[in-house]
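One structure is given here, and the rest of the page talks about it.
Throughout, read-outs are computed from the coordinates displayed, never taken from laboratory work. All of these numbers come straight from a predicted model, not from anything done at the bench. Here Cβ is always computed from backbone atoms with ideal geometry, including for glycine, and neighbour counts include all displayed protein chains.
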Amino acid sequence: MATIAEASAIPVEKIAKSPGFWSGVLTRLRRDPVAMVALGILVLLILMAIFAPYLAPYDPAKGSVIRRLKPIGTPGYILGTDELGRDMLSRLIYGARLSLLMGVIPVPIAFVIGSAIGIIAGYAGGLTNTLIMRTVDVALSGALGSGLTNALVSLTVVFIPQIARVAESVTTQVRKLDYVDAARASGAPAFTIVRIHILGNVLGPIFVFATSLISVSMILASGLSFLGLGVRPPDAEWGLMLNTLRTAIYTNPLVAALPGVMIFITSICFNLFSDGLRTAMDVKS
């Protein structure tokens, strides 16, 4: 057995270091083929949205009466045309921009606001917790009218209470742990305790829950556009495209279904990646 002197002589760089939590999460996530495939598809969709002007073969807003509802496989129009003769491939590519914007943007905003509310309520406890959480519970999205901005605001307001409840729940559990009680007994300020001892332990579960909401946000955003409460014509957005193509469902069902297929693929990929992230963050897995 090595003596203390011999052990102290071992170079520091040779001492095995245990990987950090997030390093372990990334390692487990990379070993999940389903999550990696889903992430790869999402990256491709994001790149498609960013480089839409270079990928789309036609102007997505330019139509022609003589080219209305061309079927899939038409020469020059590989995915056919819509009810106004506009190229479906171009509109699907450009539609990824607004669809992803409306689906993704509300979640991080709600994540920041909801996490702050929930963590404060969970750490404070007692009457303060009750007042904050009941106020959040009754917060509803008002009748803001149609339009992209109003749709984003509405979706954000819808998600804030859900994230706040999750944040409050996990914070309430962490604040009862021994090391938090020890920090409080030592006289550490509440802000310092939250910043050092609370945040690192609660942001992970909150983040995973927020990630799972992106697919829900995608569907809700598309639904708003389908109902005419989101993006307005002639902008390309998958939900709006479903609305305008609904009259063609009997004459050209394959073309009419394409926006729905894109919504489904994107939503399921967000769900699969969220599930993989949740599994990777489970240390027992």
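Below 8 Å between Cα atoms, with a sequence gap of 6+, how large is the relative contact order for the range 102-280 in percent?
Values: 229 pairs, mean separation 46.0, N = 179.
The normalised contact order for the range 102-280 reaches 26 percent.
At a Förster distance of 30 Å, what's the computed FRET efficiency of V153 paired with Y54, Cβ-Cβ distance as r, to 0.05?
Efficiency, from the Cβ-Cβ distance: 0.45.
Among M48, M218, rank each residue by its count of other Cβ atoms within 10 Å, from fewest to most, as a rough exposure measure.
Values: M48 17, M218 28.
Sorted ascending by nearby Cβ count, the order is M48, M218.
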At 0.36 nm per residue, and after removing the present C-alpha to C-alpha distance, how many nm does the segment from I196 to R30 gain when stretched out fully?
56.9 nm
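What does the extension gain come out to for T251 and V65, with contour length at 0.36 nm per residue minus their alpha carbon separation?
65.4 nm is the gain from fully extending T251 to V65.
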Output for the range 190-285: trypsin sites (Lys or Arg not before Pro) sitting in coil per DSSP, at most 11 other Cβ within 10 Å, listed by number, reads K284
Those chymotrypsin sites (Phe, Trp or Tyr not before Pro) in the range 28-135 that DSSP places in a loop and that have at most 14 other beta carbons within 10 Å
F51
